[in-house]
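Following: one structure in structure tokens, then a few remarks.
The values are calculated or read from the model by the stated rules, or taken from the named source; none is laboratory data. A quick note: this is a predicted structure, and the numbers were derived from the prediction, not measured. For neighbour counting, all protein chains shown are included, and Cβ atoms are generated from backbone atoms with ideal geometry for every residue, glycine included.
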Amino acid sequence: MRTKYEDLRVWVDAINLADVVYKTTRSFPRREDFGLTAQIRRSAVSIPANIAEGCGRYHTREFIQFLYVARGSLFELMTLLTLSLRSGYLPAENHEVLRKEAEGVLSRLSGLIRSMESRLS
């Protein structure tokens, strides 16, 4: 049985981004397993998780709040990816691909937030 959040394009894109982040960070140094690698993975997973959790809430305002949390996690992820690039753990071409995917998720997430907020007006 599919639930409502699985039909959201932003959730699908966010879960795909998290999957790519997990695969990409496998090549990071082992010494970063409990540092940067873990933080990147947590922020990536937090995006679709918060979208899903927000869908499970009863009130629109609660859903919007979870969407904002997901948006914050997305900005965190983008920052950590830049740090990974600057640290030499993430090749520039991989960073560019992940950055573009993250920006796509941001665009759709921001659109969903605007749409949900307009329902409250």
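State which residue is farthest from Pro91 (Cα to Cα) when the search covers only region 26-40 and only residues that are surrounded by fewer than 11 Cβ atoms within 10 Å (Cβ to Cβ) and either at pLDDT 90 or above or under 20 Å from the mean Cα position of the chain (by Cα) (or both).
Across region 26-40, the extreme among qualifying residues is Phe34.
Considering region 84-96, the residues that are assigned to a helix (DSSP H, G or I) and touching a residue at least 40 places away in the same chain (Cβ under 8 Å) include one that is nearest to Ala70 (Cα to Cα), namely Ser84.
Consider Ser73 carefully, then state whether it is within 12 Å of the chain's Cα centre (by Cα), in a helix (DSSP H, G or I) and within 18 Å of Ala38 (Cβ to Cβ). In short, yes. When region 46-60 is examined, which residues are found to be modelled with pLDDT of 95 or more and out of contact with any Phe, Trp or Tyr (no Cβ under 6 Å at 6 or more places or on another chain)? Matches in region 46-60: Ser46, Ile47, Ala49. Exactly one residue among Phe28, Phe34 is aromatic (Phe, Trp, Tyr), more than 30 Å from Ser121 (Cα to Cα), out of contact with any Pro (no Cβ under 7 Å at 6 or more places or on another chain) and without any contact (Cβ under 8 Å) to a residue 12 or more places away in the chain, and that residue is Phe34.
Mind checking whether some residue in region 6-16 is under 23 Å from Glu101 (Cβ atoms) and in a loop (DSSP other than H, G, I, E, B)? Yes, because at least one residue in region 6-16 is under 23 Å from Glu101 (Cβ atoms) and in a loop (DSSP other than H, G, I, E, B).
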